[in-house]
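Down below is the structure, laid out as structure tokens.
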Amino acid sequence: MASVLHRRGYSVVRDRAALASVDIVPVLGLFAAGNMSYDLIREGYAEPTLAQMTSKAIGLLSAAAIARGTRFFLVVENDLIDSACHDGDALLLPYEVLALDEAVRAGLEFADTAGGTLVIVAADHETGMVTVGDDGYARFGSFDHSGWDVPLAAKGPGAAKFATATIDNTYIASV
């Protein structure tokens, strides 16, 4: 597969060092044979963090957009939050939320310097019906998806369009 992609002009990177050195799009990161490692146990592995992948994607896409006189759109997901909730893993869950927070921070830092950038943070669904008790411990009411509302935050041009008490998640795409 990698040779086909190379012939089509893709750079294929398989570890943190290769990601750091790639300097042109298109690029495909294949960092694990299956799911990537949870952030808590990733240290010491060759896999980049979500924030590193996000920062690199922003840098590459921004440079390409400037060169072409176009814009870019980037979706970043941390599916390991969902996986930790399906597994009822209260140890891994907060580390994955923090990993997403660091990736969002990379997006917000770019938006602050580049201007004209809308950053939206949302979830496609809730999993686990997670609550935190007065004792600080997370509790799972389910190990599946629920109908609970999820938070949505937006910053930048057009953010006011998302400033409602609740919205249907399909509304995001239409905006």
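The values are calculated or read from the model by the stated rules, or taken from the named source; none is laboratory data. Model, not experiment: these values are computed from the prediction. A quick note on method: Cβ atoms are made from the backbone with ideal geometry, for glycine too, and the neighbour counts reach across all protein chains shown. For the accessible areas, the whole protein counts, side chains as well, though only heavy atoms, and no ligand, DNA or RNA atoms are used. Shrake-Rupley method; radii C 1.70, N 1.55, O 1.52, S 1.80 Å.
Details
Matching residues to (1) within 30 Å of Leu61 (Cα to Cα); (2) free of Cβ contacts under 8 Å to residues at least 24 places away in the same chain; (3) polar (S, T, N, Q):
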site: Leu91; (1), (2), (3): no, no, no
site: Ala103; (1), (2), (3): yes, no, no
site: Gly107; (1), (2), (3): yes, no, no
site: Ala111; (1), (2), (3): yes, no, no
site: Gly116; (1), (2), (3): yes, no, no
site: His125; (1), (2), (3): yes, no, no
site: Gly128; (1), (2), (3): no, no, no
site: Asp135; (1), (2), (3): no, yes, no
site: Phe143; (1), (2), (3): no, no, no
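- Out of Thr113, Thr117, Thr127, sole residue that is hydroxyl-bearing (Ser, Thr, Tyr), within 23 Å of Arg71 (Cβ to Cβ) and open to solvent by less than 60 Å² (accessible area, probe 1.4 Å): Thr117
- The stretch 1-48, residues that are over 24 Å from Pro94 (Cα atoms), surrounded by 15 or more Cβ atoms within 10 Å (Cβ to Cβ) and at pLDDT below 90: Leu5
- Screening Ala99 with (1) within 18 Å of Ala51 (Cβ to Cβ); (2) without any contact (Cβ under 8 Å) to a residue 60 or more places away in the chain; (3) open to solvent by less than 70 Å² (accessible area, probe 1.4 Å) gives one miss only, at (2).
- Selection within the stretch 140-156 - loosely packed, with under 15 Cβ neighbours inside 10 Å and touching a helix residue (DSSP H, G or I) at 6+ places or on another chain (Cβ under 9 Å): Phe143, Asp144, Ala153
Here is a yes/no grid of residues against (1) part of a strand (DSSP E or B); (2) closer than 30 Å to Asp23 by Cα; (3) at pLDDT below 95; (4) among the hydroxyl-bearing types (Ser, Thr, Tyr):
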residue	(1), (2), (3), (4)
Leu60	no, yes, no, no
Gly88	no, no, no, no
Ile120	yes, yes, yes, no
Phe143	no, no, no, no
Ala154	yes, yes, yes, no
Lys161	no, no, yes, no
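- Any hit, the stretch 66-75, residues being under 21 Å from Ser21 (Cβ atoms), of a type in the set (Gly, Ala, Ser), free of Cβ contacts under 8 Å to residues at least 24 places away in the same chain and outside any loop (DSSP other than H, G, I, E, B): yes
- Residue in the stretch 54-72 that is within 14 Å of the chain's Cα centre (by Cα), under 26 Å from Val150 (Cβ atoms) and open to solvent by 70 Å² or more (accessible area, probe 1.4 Å) present: no
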